[in-house]
Structure formats: structure tokens, C-alpha cells
Amino acid sequence: MDPPFRVYTRQVSYVQAVCACLRHATAKEKQAVAQELQDHLDDHAAALVEAGWDPEQAQAHALEAMGEAQEVGQALDREFPLRWLVLSRLALAALVLAIAVALPFLFPAVAGAAGSLQARWDPAAYAAAHFEEPPPLVPMDVQWEIYDGTILSLYGVGLRELPQEGYYSADLYTVLYHRNPFRSTPLLLGELWVTAQDAEEELFVPYPIGFPLSGTTHQNFNATYSVIEVSGDFAGQNITLHYQYLDTSFALDISLPWEEVLP
């Protein structure tokens with residue numbers, strides 16, 4: 001990363017001022033010290049840029065963090081046989097500072113990736129901890145890439161009897177995440193609906209485009225967990241989950257565990 005000209009001029013002046021204090025160093029040794037100092041400045045600035053700093057501000061901040069040129073040069077001059085130890089300590093201090101600056105930016109990214117990875121590997125564990133008294137789930141393991149790396153996963157199906165006689169709710173446990181674990185939670189674009197086996201009318205009318213799924217929804221960093229609550233008088237029937245967005249469409253027949261709820 002090349003610094004702006006005015007910052008580069010300050011860096012050159014700083015390095016020259018430090019090396020001017022090395023009274024007993026040879027020209028070759030001064031050149032090595034100068035290169036080491038420049039490398040530390042570049043590494044520190046690069047770490048700040050990666051953490052979200054403006055490049056010019058990162059270069060200037062890295063230079064300021066090194067300390068006064070005369071003080072650094074005098075310290076090197078007094079301990080010249082141990083100059084690499086001094087420089088390594090300067091490098092460690094710069095690294096600690098860079099980590100401290102970067103932490104606020106790194107934590108959300110790491111936490112988001114962790115949430116996305118759990119959605120792939122063990123979504124049922126998150127559902128058990130965050131959804132209130134879910135019915136016994138029939139495990140599912142179905143994923144669709146619905147658009148631009150966005151994944152819709154169906155990982156479980158439950159069935160409940162409703163207070164209204166003859167009515168039931170089929171609960172479809174879904175999670176939405178991006179193929180790249182560091183990407184934020186995408187929106188569900190398109191249409192999603194459910195039909196019963198022996199009926200053409202929709203049992204579930206989807207929310208408008210871009211909204212989360214209906215039912216209970218939980219956000220776990222870069223993953224959105226939703227329960228699609230499909231209710232109606234479809235006792236003994238299986239259901240079909242439909243999706244349509246642009247050129248992408250699918251229909252999945254789902255067998256419901258009626259033996260667990262019907263007398």
C-alpha cells in the first residue's frame with residue numbers, strides 16, 4: 001500500500017531522523033534499521049486499513065504511534081547491539097494497538113459467521129433454545145439456493161392440534177442464510193406458499209416481498225430462523241411447500257406426522 005506523497009515525505013523524514021541518532025552504526029546497518037522501521041509503518045497502516053480506516057489516516061496514525069523520532073533514535077543508539085530487540089518491542093506495541101483498534105470491527109464479522117455456520121450444521125439446537133415449547137419435530141435436511149447465494153433450509157416439521165375442532169397447524173422450521181458466512185442475513189424475495197394434498201387453495205399466504213417468513217422469527221447474527229405456521233382443516237393430509245422467484249421455482253411434498261396427533 002503506497003502512502004500519499006505528503007505522508008510518505010513525513011515517513012522518510014521520520015526514518016532519516018531516527019537513523020541520524022545512530023552514531024556508531026555503519027551505513028549498511030543504518031539502511032537495515034531504516035528498512036525495518038518502514039516495514040513496521042507499512043504493516044501497522046495495512047492492519048488499520050483492513051479494520052476500516054481511511055488509508056491516509058492509517059498511514060498518519062501508524063507514524064504517530066511510533067513515537068518521537070529523536071527518542072526512538074536515542075533508544076536505538078544506547079542499545080544498538082540490541083537494536084533488533086528494541087525494534088521487535090516496537091513491532092509488538094504496534095501490533096497490540098492494531099488489534100485493539102480492529103476488535104470492534106472484527107467481533108461482528110466473527111459472530112456473524114458463527115451464526116451462519118450454526119444454521120448449516122445444527123439449526124435444531126438453536127430452535128430448541130429459542131422457540132417456546134416446539135412440538136416434536138420430524139427432522140428434515142432440505143436446502144435450496146433461491147437467489148444470488150441465498151440459502152433457504154427446511155430442517156424440521158412439527159404438527160399441533162388447534163383449539164378449533166378439526167383444525168391443525170403444521171409448523172415448518174426454516175432458516176435463511178447466505179452461502180458466504182460473512183454476508184449479512186439476506187431477505188426472502190419472491191413468493192412462498194403451502195397447499196394441502198387434496199386442495200388447490202393456499203393454506204399459507206406469504207408476506208410481501210422482502211419480509212421475513214410468517215410465524216415466529218429469531219435473528220442469530222447472519223441467519224434468520226422462522227417457523228411457517230400452516231393452519232387449516234387438512235386432517236390426515238400431507239402438504240406441499242411452493243416457492244417462486246424469477247426463474248427459480250420448486251415444490252416439495254412434505255409428509256406430516258399425523259400418527260402423533262390424530263386419535
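Miscellaneous remarks
- Label separation (ARG179 vs ALA113): 1.8 nm, computed from points 7 Å beyond Cα along the C-beta direction.
- Around the amide H of GLY67, modelled in the peptide plane, lies no amide H under 5 Å away from a residue 5 or more places distant or on another chain.
- Whole-Hz couplings from phi, Karplus 6.51/-1.76/1.60, listed for the range 221-227; x for Gly and Pro: 6, 8, 8, 10, 9, 9, 10
- For the range 111-150 versus the range 19-64, the inter-centroid distance based on Cα atoms is 47 Å.
- Amide H partners (placed H, <5 Å) of GLY156, local residues excluded: MET140, TYR173
- For the range 142-158, 3J(HN,Hα) computed residue by residue from phi via the Karplus equation (6.51, -1.76, 1.60; θ = phi - 60°) reads 10, 10, 10, 8, 8, 5, 6, x, 7, 10, 10, 10, 9, 10, x, 9, x Hz, glycine and proline entered as x.
All of the numbers you see were taken from the coordinates with simple rules; none came from a lab. Only a predicted model underlies this, so the values are computations on that prediction, with no experimental measurement involved. Cβ sites come from the backbone with ideal geometry, for glycine too, and all protein chains shown count toward neighbours.
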